[in-house]
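Asks: Structure in structure tokens, see below.
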Amino acid sequence: MVRGEYTVYCGQLPADIRARELDDLFGRYGRIRDIDVKPSRGGAFAFIEFEDDRDADEAAYRLDNFRFDGRPLRVELKRGGGRRGPGGAYDDPRDRDRDSGRGGGGGYGMSRDERRERDRAGGARATVAAAKRTPWTARLLGLPVSTSWQDVKDFVRQVAPAKFANVFKEGGEVIGEADFESEADLDNIISRLDGADFKNPFDTVKVTVERVKPSAPAPRADEG
């Protein structure tokens, strides 16, 4: 089976795990394209393919070492290098352990500390230029350095779902942005969340939420 580039490995699963259970667990972080469950000695492992690389990244960050059925899961992004099956992913978890820091050299996935530092540096591989944006954007100010783009989506979802979310640094300040489907959604976000408590697993702070003014169109060459 050829796996896409937005795939995570999930190990140390119980032998009777079902794909629908993994869909419930991983689906909270984004749309899933495919789940492939394989038996292993004493249990099972799986490959979960997402439609968006940031969702795969966030799932690996949030669920690594998450306790499921009494055991900690091992969740990592698919990486290049090492002895792999079709599509570049490990088909045997022993190969993954051998090539990772647990059994030798290599870098199958970022550690939790590396992902946290990645988030503090400006979010999970933001794809602002490639994303389809809307004109109705809210900006979140006063965010903690631990904020990820998924934290921003979770925060605004209590009022309206975001079509796009991003976290970046500007002048040493961590800033979040979220796009919405309509101006009414944006107005509700500002009126209800400005000054509200922003929470993630690491911090709780009060944030300022403001409207981002649309950029003025560039003047035509025959103007001015």
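The values are calculated or read from the model by the stated rules, or taken from the named source; none is laboratory data. If you're wondering where the values come from, they're calculated on a predicted model, not measured in any experiment. Here the Cβ is made from the backbone with ideal geometry for all residues, glycine too, and neighbour counts use every protein chain on show.
Asks: Regarding the range 34-42, can at least one residue be identified that is buried (at least 21 other Cβ atoms within 10 Å of the Cβ), out of contact with any helix residue (DSSP H, G or I) (no Cβ under 7 Å at 6 or more places or on another chain) and touching a residue at least 12 places away in the same chain (Cβ under 8 Å)?
Replies: Within the range 34-42, not a single residue is buried (at least 21 other Cβ atoms within 10 Å of the Cβ), out of contact with any helix residue (DSSP H, G or I) (no Cβ under 7 Å at 6 or more places or on another chain) and touching a residue at least 12 places away in the same chain (Cβ under 8 Å).
Asks: Only one of these conditions is not met by Phe164: (1) within 19 Å of Asp52 (Cα to Cα); (2) in contact with a Lys or Arg (Cβ under 8 Å, 6 or more places away or on another chain); (3) surrounded by fewer than 22 Cβ atoms within 10 Å (Cβ to Cβ); (4) free of Cβ contacts under 8 Å to residues at least 24 places away in the same chain. Which number is it?
Replies: Every listed condition holds for Phe164 apart from (4).
Asks: I would also like to ask the following. Looking only at the range 146-158, filter to residues that are crowded, with 17+ Cβ neighbours inside 10 Å and in a loop (DSSP other than H, G, I, E, B); which one of those is modelled with the lowest pLDDT?
Replies: Here the residue is Ser148.
Asks: Could you check Pro201 against (1) buried (at least 17 other Cβ atoms within 10 Å of the Cβ); (2) assigned to a loop (DSSP other than H, G, I, E, B); (3) at pLDDT below 90 and say which number it fails?
Replies: (1)
Asks: Filter the range 1-55 down to residues that are part of a helix (DSSP H, G or I) and among the acidic types (Asp, Glu) and give me whichever is farthest from Leu73 (Cα to Cα).
Replies: Top of the filtered list is Asp53.
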